[in-house]
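To start, the structure itself, in structure tokens.
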Amino acid sequence: GTIVEGRNRFWIRPLDARDGRPLLNTTATETPFWSPDGQALAFFADGRLKKISVTGGEPQEIAAAAHPRGGDWHGNWILYSADGVIRKVAADGSQASVLTAIDKSRGEYQHTWPEFLPDGRRFLFLIRSAQPDHQGVYLGSIDGAAPVRIMPAHSRVAYASGQLLFVRDGVLQAQRFDPDRASLSAQPVTLSSGIKHPPGGDAAFDVSATGVL
């Protein structure tokens with residue numbers, strides 16, 4: 001995001017180009033996310049989840065999204081966090097549903113930062129809880145299966161090429177992850193340091209399905 005004409009706008013720049021351009025009909029606040037084909041950007045503004053073509057134009061509203069905390073897009077489905085739970089909606093705004101529920105008996109107060117796995121059915125997300133042993137990164141499913149805890153919630157996570165990426169104390173790390181067993185193995189490998197990150201939430205990195213960081 002950058003300021004254009006006095007407002008924060010999302011800015012698009014190809015990796016092989018020196019210059020970029022702003023998407024003028026956007027308001028850059030919460031972290032945006034790409035459509036699977038890279039031709040649209042989903043973002044949050046005015047209490048709504050919206051999408052806009054990379055060529056610009058007017059954004060289209062998809063769903064209500066109060067207090068958003070991240071999203072992801074796979075095939076025709078979008079996952080996003082709003083009002084503290086993970087929600088699912090089709091890219092055209094239909095078939096909206098709530099996928100998770102806050103369990104106050106376990107100290108939960110927020111479910112955030114969903115990340116699809118390649119099968120388009122399972123996803124990773126963060127559960128924030130007042131109970132440290134319960135707070136963490138969990139594996140959920142759009143079919144409503146009970147979430148499985150994977151690791152502590154150092155930051156949001158991203159998955160690519162059999163690796164789970166996350167930021168711990170400002171260090172970007174990758175660790176081998178088996179989605180079928182819902183388990184981590186080996187030791188984390190350091191990829192970079194000095195990464196901006198609010199504790200237990202967003203972090204300034206992303207990775208494509210091809211492994212480009």
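Which count do you get for residues in the range 92-116 that are in a loop (DSSP other than H, G, I, E, B) and either surrounded by fewer than 19 Cβ atoms within 10 Å (Cβ to Cβ) or polar (S, T, N, Q) (or both)? Qualifying residue count, the range 92-116: 10. Contact map, the range 7-26: residues that are among the aromatic types (Phe, Trp, Tyr) paired with residues that are open to solvent by less than 100 Å² (accessible area, probe 1.4 Å) and in a loop (DSSP other than H, G, I, E, B), Cβ distance under 9 Å, separation 6+ or inter-chain. Pairs shown: Phe10/Gly1; Phe10/Thr26; Phe10/Thr27; Phe10/Ala28; Phe10/Pro32; Trp11/Gly1; Trp11/Gly20; Trp11/Ala28. Tallying residues that are in contact (Cβ under 8 Å) with a residue 24 or more places away in the chain and touching a strand residue (DSSP E or B) at 6+ places or on another chain (Cβ under 8 Å) within the range 145-162 yields 11. Would you mind finding the one in Leu184, Leu164, Leu191 that is more than 19 Å from Arg69 (Cα to Cα) and open to solvent by less than 20 Å² (accessible area, probe 1.4 Å)? Leu164 is the lone residue from the list that is more than 19 Å from Arg69 (Cα to Cα) and open to solvent by less than 20 Å² (accessible area, probe 1.4 Å).
A search for C-beta distances below 8 Å between a residue of the range 66-84 that is assigned to a strand (DSSP E or B) and any residue that is of a type in the set (Lys, Arg), counting only pairs 6+ apart in sequence or on different chains, returns Trp77/Lys88; Ile78/Lys88; Leu79/Arg87; Leu79/Lys88; Tyr80/Arg87; Ser81/Arg69; Ser81/Arg87; Ala82/Arg69.
Would you pick out the residues in the range 141-161 that are among the small types (Gly, Ala, Ser) and open to solvent by less than 40 Å² (accessible area, probe 1.4 Å)?
Taking the range 141-161 and keeping what is among the small types (Gly, Ala, Ser), we get 141, 144-146, 153, 155, 158, 160-161.
Listed by number, the residues that qualify are Ser141, Ala153, Ser155, Ala158, Ala160.
Looking only at the range 131-144, which residues are closer than 19 Å to Val98 by Cα and out of contact with any strand residue (DSSP E or B) (no Cβ under 8 Å at 6 or more places or on another chain)? Write out each step before concluding.
Step one: of the range 131-144, the residues closer than 19 Å to Val98 by Cα are 137-144.
Asp143, Gly144, listed by residue number.
Scanning the range 177-213 for residues that are of a type in the set (Lys, Arg) and either at pLDDT 85 or above or not in a loop (DSSP other than H, G, I, E, B) (or both) gives a single hit, Arg181. Tyr138 meets all of the listed conditions (1) in a strand (DSSP E or B); (2) open to solvent by less than 20 Å² (accessible area, probe 1.4 Å); (3) in contact (Cβ under 8 Å) with a residue 40 or more places away in the chain but one, namely (3).
The values are calculated or read from the model by the stated rules, or taken from the named source; none is laboratory data. These numbers come from a predicted model, not from an experiment. Counting neighbours? That spans all protein chains shown, and the Cβs are built from the backbone with ideal geometry, glycine included. Heads up: the accessible areas ignore ligands, DNA and RNA and are worked out on the full protein's heavy atoms, side chains in. Shrake-Rupley method; radii C 1.70, N 1.55, O 1.52, S 1.80 Å.
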